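Beneath this line is the structure, given in structure tokens, with notes to follow.
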């Protein structure tokens, strides 16, 4: 599933995806933390059939009901609070980069000052992986740090 | 007479009754605004045109005289315009401004030319000075981001695909205003061409400085006023705002412009806090500003400008619609969405009044006030109605009886959208 992100100046960010059933769904994350869920009209794909406005609390409840976690939302607020903080989800390639190597092998921390904060493998989240943690193809690695550091860390990870 | 009147003046009594009269008038005005605000909400139109109308029927040539409180109203209106522009400047983050400039500058250019030129031309046709005509160009150019943002929310169109285009045009207009307002402020002082050019250069320098501060040092400015206590934050922000606005006024860049540039400069946590803290205060004083603007206008002066204002409203409604449709089409929006984009840009409001207010305060052109009042009254109301019924009004493509073409497949353009891996 592809999620597309569009900035809405003065309002927040809109995320958009097509569900497997064919419906286009949009989520607006407002600057004040409120969320709108919108269902696009099949006749007029630019407009919404309806929207649901959720408070921050409602949104996390709905996220739990849908079986998700709140990591993304919390990270969002975090990057708002620390100016210049960059957060990137890096998917490990089938081969090359650090795939099948340990995090320590990449010397990411020493060379780029960025940190590997968590690894998501399948349905499991592994917070704070040790340097001897071996990365596998398809793992999603959460990297944090300055924008340049995260960029160089990403190229180390993916090769 | 004089001998009898004099001793009365030194008595403290009239003083206190004057304060009472001011409070009574202010109370009546605020209550009228409260009632009008409810009426506007019921009718589904913005409150700005009704506030203007309230000002028009009060004061000189109106039905309700306002005399005692006029002095306070004048100060209140000035505070109102400063707060309005501070929050307008705050509306977009430096990042929004940067992205806006990058992505939609062509549409922004069309927007500027198509909507400012008719205003300028009509100003000249009415025999106004070039400066006054330039002000009118600003009035017709700038859409009301206040009205539009609120209506997008009310009509649940925030998630619509055309909405980023509407917003990015509003961002462009905001940027243009940052350059336009200081230049006009300088021209209004009545400088010669050379003086004007130098002063405009200085003004642009200040704008550039404000942008640099906003991009590089905004956290320093923000730390200066930031506080966890709402009271201290409010005092800090208001103090800084009034100080900057007053200093800007002292160097003849106009208080409104100073506040606007300060708004552009603030960002981060302080900007977020101010955005939640100041709107109620802005609404009260902003309401007073619109009333005061109407108050300064004799409704009888509206009659001679009504026809040209109506004609200009019609022309600039069409040019705005065209601008919006063009921009939407370029971004791959379907016909219905293009139509909604165009109609969404029609409302003019607070910014137009602020621009005209600068001219009125400087005595640029006696007709500018009434003309702008009539123009904004028409387009604030008509524009919001057009926006509301956008889906019910058939777009021009279907006017010839042709069946509308199939909706475009609206995949978001990959250039703007960022792909996020599933988590």
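Sort out which residues of the stretch B:239-257 are in contact (Cβ under 8 Å) with a residue 40 or more places away in the chain and on the phi < 0 side of the Ramachandran plot, and write them in order of number. Steps first, please.
Step one: filter the stretch B:239-257 for residues in contact (Cβ under 8 Å) with a residue 40 or more places away in the chain, giving B:241-242, B:245, B:252-257.
If the condition is that a residue be in contact (Cβ under 8 Å) with a residue 40 or more places away in the chain and on the phi < 0 side of the Ramachandran plot, then B:241, B:242, B:245, B:253, B:255, B:256, B:257 are the ones that fit.
Being facing chain B (nearest Cβ under 7 Å), modelled with pLDDT of 85 or more and surrounded by fewer than 18 Cβ atoms within 10 Å (Cβ to Cβ) is the filter here; which residues of the stretch A:2-30 pass it?
A:3, A:5
Kindly indicate whether any position in the stretch B:130-138 is within 18 Å of the chain's Cα centre (by Cα) and within 14 Å of chain A (Cβ to nearest Cβ).
The answer is no, given that none of the residues of the stretch B:130-138 is within 18 Å of the chain's Cα centre (by Cα) and within 14 Å of chain A (Cβ to nearest Cβ).
Scan the stretch A:73-94 and give yes if some residue there is modelled with pLDDT of 80 or more and more than 14 Å from every other protein chain (Cβ to nearest Cβ), otherwise no. Quick ask: steps written out before the conclusion?
Just the residues of the stretch A:73-94 that are modelled with pLDDT of 80 or more, to begin with: A:85-94.
Retained after the next criterion (residues that are more than 14 Å from every other protein chain (Cβ to nearest Cβ)): A:94.
Yes: the stretch A:73-94 contains one or more residues that are modelled with pLDDT of 80 or more and more than 14 Å from every other protein chain (Cβ to nearest Cβ).
In the stretch B:80-104, what count of residues is obtained for those that are within 14 Å of another protein chain (Cβ to nearest Cβ) and part of a helix (DSSP H, G or I)? Walk me through it before giving the result.
Step one: list which residues in the stretch B:80-104 are within 14 Å of another protein chain (Cβ to nearest Cβ), which gives B:87-104.
Next, only the ones that are part of a helix (DSSP H, G or I) stay: B:87-90, B:94-103.
Residues in the stretch B:80-104 being within 14 Å of another protein chain (Cβ to nearest Cβ) and part of a helix (DSSP H, G or I): 14 in total.
Within the stretch B:108-127, identify whether any single residue is surrounded by fewer than 23 Cβ atoms within 10 Å (Cβ to Cβ), within 30 Å of residue B:328 (Cα to Cα) and within 14 Å of another protein chain (Cβ to nearest Cβ), and answer yes or no.
Yes: one or more hits.
Which residue is nearest to the chain's Cα centre (by Cα), if the candidates are limited to the stretch A:137-159 and must be loosely packed, with under 15 Cβ neighbours inside 10 Å and over 16 Å from residue A:85 (Cα atoms)?
So the residue we want is A:138.
The values are calculated or read from the model by the stated rules, or taken from the named source; none is laboratory data. If you're wondering where the values come from, they're calculated on a predicted model, not measured in any experiment. All Cβ positions, glycine included, derive from the backbone under ideal geometry; neighbour counts span all protein chains shown.
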